[in-house]
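Enquirer: Would you mind keeping the following structure in view while I ask a few things?
The values are calculated or read from the model by the stated rules, or taken from the named source; none is laboratory data. These numbers were taken from a predicted model, which means no experiment stands behind them. Here the Cβ positions follow ideal geometry from the backbone for every residue, glycine too, while neighbour counts run over all protein chains shown.
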Amino acid sequence: MNAQPILSLKPSTNTGELSRLLSAAVVSPRFCKLLLHDPETALRAGYQSEAFHLSPEEEMWVLSIRASNLADFSSEIVKYQSHSQRVRMPALAVGATAGRLYGTS
């Protein structure tokens, strides 16, 4: 019997895109201001004709951030990434245990 993995080890967060978003805010005071005050428009407009390809979850998180400066905004992104990693870890442990119980690992 071939067991197929239920969970992927690939992170759901696209850290490259979140990094690009933060980098654009660092190098462009104008984009930074837009991101802090109107994140929906900032995400839709992109930066220098480049779109941000965030997952729906990442986009919702970014749109929910209320920060008055880039340091606070970045801190919220780090919290999101930490939370995303912690949420997946228990599921991986349960999956491994279930595999041993049912002889599929």
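Enquirer: Is at least one residue of the range 36-50 at pLDDT 95 or above, among the acidic types (D, E) and not in a helix (DSSP H, G or I)?
Expert: Within the range 36-50, one or more residues are at pLDDT 95 or above, among the acidic types (D, E) and not in a helix (DSSP H, G or I).
Enquirer: Considering only residues that are among the polar types (S, T, N, Q) and assigned to a loop (DSSP other than H, G, I, E, B), look in the range 51-84 and name the one that is nearest to R20 (Cα to Cα).
Expert: S55
Enquirer: Return the residue satisfying two criteria in turn: it lies in the range 60-84 and is surrounded by 12 or more Cβ atoms within 10 Å (Cβ to Cβ) and of a type in the set (S, T, N, Q), and of such residues it is modelled with the lowest pLDDT.
Expert: Ranking the qualifying residues of the range 60-84, first place goes to S84.
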